[in-house]
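Here the structure is laid out as structure tokens; the discussion comes afterwards.
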Amino acid sequence: MSTVLDSKIPAGPLKDKWDNYKNTIKLVNPANKRKHTVLVVGTGLAGGSAAATLAELGYNVKSFCIQDSPRRAHSIAAQGGINAAKNYPNDGDTVWRLFYDTIKGGDYRSREANVHRLAQVSNNIIDQCVAQGVPFAREYGGLLDNRSFGGAQVSRTFYARGQTGQQLLLGAYQAMSRQIGAGNIEMLSRREMLDLVVVDGKARGIITRNLVTGEYERHFGDAVLLCTGGYGNVYYLSTNAKNSNVTAAWRCHKRGAYFANPCYTQIHPTCIPVSGDYQSKLTLMSESLRNDGRVWVPKKQGDDRHPQDIPEEDRDYYLERRYPSFGNLVPRDVASRNAKMATDEGRGVGETGLAVYLDFADSIKRLGRDVIEARYGNLFEMYERITGENPYEVPMRIFPAVHYTMGGLWVDYELQSNVPGLFVLGEANFSDHGANRLGASALMQGLADGYFVIPYTLGNYIAGNSFSAITGNEEAFNEAESAADARIQKLLSIQGTKTVTEFHRELGQIIWDQVGMSRTASGLRTAIDQVSALREEFWQNVRVPGEPTTYNKNLEFAGRVADFLELGELMARDALEREESCGGHFREEHQSAEGEAMRKDEDFTHVSAWQHTESGHVLHKENLDFENVQLTTRSYK
Amino acid sequence: MANSMNITLKVWRQAGPDVKGGFETYQVPDANAHMSFLELLDVLNEQLIKEGNDPVEFDHDCREGICGSCGVVIDGVAHGPQKRTACCQLHMRHYRDGDTIVIEPWRAEGFPIIKDLVVDRSAFDRIIASGGYISANTGAAQDANSLPIAKADADLAMDYATCIGCGACVAACPNASASLFTAAKIAQLSLLPQGDPERKTRVKSMVDQMAEEGFGDCSNHAECEAVCPKGISISSISRMRREYVKAMTD
């Protein structure tokens with residue numbers, strides 16, 4: 001039966017909620033913290049910052065990552081920057097404005113209180129990172145530099161060349177490393193979480209598999225923090241790293257945690273286009289490029305002249321034309337949809353026709369090549385390596401690609417899922433970005449959750465609960481470990497004719513075609529049938545080579561693709577259920593005459609949280625109350 | 001198809017850490033000039049799986065040259081022939097139809113082989129844990145702009161900070177030294193005022209830990225700089241040495 005979820009938003013005016021919360025929570029005595037073990041799964045910005053901070057506070061932390069080192073989590077690949085409401089440029093920024101832009105950018109489908117807290121702690125993040133030695137870009141006077149990102153009319157983005165994610169992650173990794181060296185964090189690398197263990201109704205442990213030896217391990221403690229990132233790899237081709245996956249979150253979902261808004265996915269407008277069917281992943285070109293690059297396609301269909309031979313009057317700078325006030329810096333969902341519209345009209349460029357130009361010629365003329373090189377040199381180099389073309393001379397060819405997932409496990413204001421003791425941080429939760437995430441906000445959210453939110457909310461949970469002594473030999477652990485092993489044995493025993501990658505590609509194509517930039521009821525119904533059929537075939541015909549007891553990447557991937565095959569269907573169901581267009585979720589049935597997204601606030605101002613049951617998925621709703629912001633049609637015109 | 005290529009691969013295969021390894025030769029008849037090097041290995045692996053053989057294991061993740069997961073020696077050069085490029089960003093357009101390519105794992109005492117091309121680089125994590133950080137507990141920071149840092153220093157610190165921890169420097173060094181990796185972190189933090197309070201203990205602990213992990217010393221071959229996918233300069237190593245001498249003599 002469907003219920004209405006309680007988000008536990010604190011009382012009081014919006015700007016006081018977080019302070020009110022902090023003033024009234026229960027605290028754990030410093031001497032008692034070391035008696036509590038916290039399991040932190042994932043070491044990206046959210047997991048790394050949480051593990052370091054909790055260990056500094058005195059908790060006994062165990063940390064897990066699937067890569068060979070915590071420094072390799074995919075946050076490292078974030079390029080452009082991190083937002084904060086410092087207002088150093090004196091251009092009118094405030095906490096309120098950052099909050100408002102983020103709520104509006106998310107197309108009014110996120111929680112006011114969470115987003116306001118995010119904006120409030122944004123400034124602390126920058127302070128913290130500078131103290132750790134993160135080398136942000138600076139002006140000649142020695143002070144920090146800012147740039148602009150989509151969906152904002154102020155410059156509030158801090159950056160470290162095109163490698164901001166790397167530098168922030170290394171900051172968190174180094175803070176963690178200090179705690180590892182001090183013996184406060186036990187770091188377990190090359191481990192994959194295969195199940196959540198719930199004892200007496202509380203999340204108390206996890207089952208992991210050692211990816212080198214294949215051994216199963218039981219870890220237990222008083223809380224589990226899931227910081228395992230998003231599920232963009234359901235599309236096979238995405239900007240996510242190859243190891244990024246939904247398995248840990250999905251197994252929690254199957255143990256009772258609700259999965260919220262799975263259909264909210266972000267298709268990033270500026271990625272390097274697909275070149276062939278061997279393609280294993282897609283590469284993002286940072287949104288920061290839209291500060292100085294102009295997006296255009298030829299006015300005429302099928303104009304296959306070299307871009308330099310197409311004169312100004314035959315070019316359509318469609319973003320500048322349609323959205324004069326934001327121009328090339330419209331939010332990602334809007335930019336992506338417009339690129340799709342241009343290519344659907346037959347005005348795409350390049351060999352495949354599935355690309356648009358991002359042109360720096362005007363900026364190079366205005367600012368000089370040196371300035372452009374200082375701003376984006378490493379991105380231009382990366383582009384040239386991949387495509388063999390020089391973007392200083394020929395416009396970049398770009399096309400949208402899957403980049404981020406706003407949906408994720410449902411959490412309340414305390415970042416706690418509906419399973420007590422299971423907290424979800426960063427991209428893995430659904431909480432702050434609504435139906436579309438603005439650029440430079442993912443880094444902000446990951447670090448806000450880990451450095452500044454969870455230290456308080458976890459303490460409140462620990463201080464307010466009692467924990468029975470456990471040993472890892474409880475029936476729940478036995479059952480979870482045998483279930484994980486049975487799955488692995490089953491995957492290896494099928495020995496069919498199709499590889500894991502072949503299934504993954506097929507799944508990705510279905511989801512991209514039907515649950516991608518544009519969705520229809522009939523397409524979504526088709527997707528549900530196709531994914532369900534593909535899943536059945538997978539379990540009868542997949543071929544997984546090798547042994548369970550050695551390093552075996554195909555076996556790892558097989559387990560993850562199996563979970564994607566379940567998630568993919570839920571995404572389509574969620575998209576079908578949401579009979580409106582909002583943010584990245586565009587239902588063709590719900591658009592204006594000009595092709596802009598049309599929300600249906602009276603029916604859909606809620607979070608859709610899906611419960612997994614033996615007999616199928618049940619939908620629960622959390623109503624979103626807007627007390628401070630008026631819902632309007634999002635316009636960037 | 002104009003872009004298609006037939007490539008011969010000689011790949012190091014080793015079933016586990018304590019097993020003897022050796023080269024195996026494979027044909028990839030349907031390679032393509034636009035593929036990345038790792039996509040070539042993907043194609044080989046799909047072929048091997050279909051034939052009922054075990055695929056070649058190699059570490060990889062972001063495939064954008066930033067996570068530092070991938071790294072193999074290609075025709076004797078760590079990360080292959082293209083300067084300042086991790087092997088995930090190397091593309092097959094740099095090869096010709098009919099080429100033979102030899103692929104080996106990083107070889108160094110500090111990086112034991114796990115399987116095929118996969119090695120254990122956890123020694124790098126232990127070097128960082130020995131002192132490669134600034135001790136600043138969450139919440140204790142002052143306003144970010146209260147500490148101006150000259151742009152030139154900040155930019156140089158950033159040059160060193162771009163290290164991706166892939167280990168190519170170790171693989172290329174005749175002494176299997178981890179000096180470039182260790183020095184890049186020391187140089188970054190010694191250029192920033194925030195790093196000053198711990199500068200002496202940091203350099204001592206990190207240099208000692210590097211030796212303890214079985215990495216050799218630097219004897220100025222500069223092979224590390226030549227293969228570094230981020231182009232980190234060996235000037236970092238002279239900085240590390242200066243810091244070390246200062247720390248020992250003060």
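Structure notes:
- Note on chain A: Rg/Rh from C-alpha atoms, Kirkwood Rh, equals 0.95.
- Surrounding net charge for A:Leu415, when Lys and Arg each add one and Asp and Glu each subtract one, Cβ distance under 11 Å: -2
- Over chain B: helical MRE at 222 nm, DSSP H runs n ≥ 4 each giving -39500 (n - 2.57), nearest 500: -10000 deg cm²/dmol
- Value of relative contact order over chain B, rounded to a whole percent, pairs C-alpha under 8 Å and six or more apart: 20 percent
- Positive-end residue of B:Val77, B:Ile101, B:Ala31, charge dipole of the stretch B:4-114 with Cβ unit charges: B:Val77
- Spacing of the two label points (7 Å from each Cα toward its C-beta) at B:His221 and A:Thr520, in nm: 6.3 nm
- Across the stretch A:268-401, Cα pairs under 8 Å and at least six residues apart give a relative contact order of 35 percent.
- Dividing the mean sequence gap of close Cα pairs (under 8 Å, 6+ apart) by how many residues chain A holds gives a relative contact order of 21 percent.
- Sorted peptide list for A:476-487, A:188-199, criterion being average Cβ within 10 angstrom, highest first: A:188-199, A:476-487
- Cβ-based charge dipole, the stretch A:583-637, positive-most Cα from A:Leu624, A:Ser635, A:Ser592: A:Ser635
- Across the options B:Ile149, A:Thr405, A:Ile125, the greatest Cα extent toward the positive end of the charge dipole of the protein assembly as shown (unit charges at beta carbon of Lys, Arg, Asp, Glu) belongs to B:Ile149.
- Classification of chain B by its C-alpha gyration tensor yields a prolate form. The axis ratio a/c (a ≥ b ≥ c) is 1.5 or more, and a/b outweighs b/c.
- With a 10 Å cut-off around each Cβ of A:165-176, the average count of Cβ atoms from other chains is 5.
- Loop-located GluC sites (Glu not before Pro) in the stretch A:346-395 (DSSP state not H, G, I, E or B) with no more than 14 neighbouring Cβ atoms inside 10 Å: A:Glu351, A:Glu389, A:Glu393.
- The mean count of C-beta atoms from other chains within 10 Å of the C-beta of residues in A:543-555, rounded to a whole number, is 4.
- Descending Cα extents along the principal axes, the stretch A:544-637, whole Å: 57, 32, 26
- Gyration tensor (alpha-carbon) shape descriptor, the stretch B:4-114, a/c threshold 1.5: oblate
- Cut-off under 5 Å, modelled amide H: who pairs with A:Trp410 long-range: A:Tyr258, A:Phe259, A:Ala260
- Remark on the stretch B:180-227: hydrodynamic radius 11.8 angstrom, per the Kirkwood mean of 1/r across alpha carbon pairs.
- For peptide A:41-48, the mean count of partner chain Cβ atoms within 10 Å of a residue's Cβ comes to 0.
- Here the stretch B:169-186 and the stretch A:1-66 have alpha carbon centers that stand 39 Å from each other.
- Nearest-10 value in Å² for the accessible area of A:Lys340, using the 1.4 Å probe: 50 Å²
- For the stretch A:475-606, a crude dipole built from +1 on the beta carbon of Lys and Arg and -1 on the beta carbon of Asp and Glu, taken about the Cα centre, is about 560 debye to the nearest 20.
- Residues whose amide H lies under 5 Å from that of B:Val73, counting only those 5 or more places away or on a different chain, are B:His79, B:Glu104, B:Trp106; hydrogens are built 1.01 Å from N in the peptide plane.
- Charge dipole of chain A (Cα centre as origin; +1 on each Lys and Arg Cβ, -1 on each Asp and Glu Cβ, all else neutral): 1200 debye, rounded to the nearest 20.
- Around the Cα centre of chain B, unit charges on the Cβ atoms of Lys, Arg, Asp and Glu (plus for the first two, minus for the last two) sum to a dipole of about 740 debye.
- Residues in the stretch B:80-126 that, when all protein chains are in place, have 30 Å² or more less accessible area than the chain alone would give (probe 1.4 Å): B:Arg84, B:Gln89, B:His91, B:Arg93, B:Ile114, B:Lys115, B:Arg121, B:Asp125
- Shape call, the stretch A:268-401: gyration tensor on alpha carbons, a/c limit 1.5: rounded
- Label point distance in nm, A:Met341-A:Glu312, each placed 7 Å from Cα along Cα→Cβ: 2.4 nm
- The calculated 222 nm mean residue ellipticity attributable to helices in chain A amounts to -11000 deg cm²/dmol, summing -39500 (n - 2.57) over DSSP H runs of n ≥ 4 and dividing by all residues.
- Other residues within the sphere of radius under 9 Å centred on the Cβ of A:Val297, judged by their own Cβ, net out at 0 (K and R +1, D and E -1).
- Set of aspartates and glutamates near A:Lys498 by C-alpha distance (under 14 Å), chain-local residues within fewer than 8 positions excluded: A:Glu506, A:Glu536, A:Glu537, B:Glu46, B:Glu51
The values are calculated or read from the model by the stated rules, or taken from the named source; none is laboratory data. Here the structure is a predicted model, which means the values were calculated and not measured. Because the Cβ atoms are built from the backbone with ideal geometry, glycine has one as well, and the counts that use them run over all protein chains shown. Ligands, DNA and RNA are stripped out before the accessible areas are found, and what is left, the full protein with its side chains, is counted by its heavy atoms. Shrake-Rupley method; radii C 1.70, N 1.55, O 1.52, S 1.80 Å.
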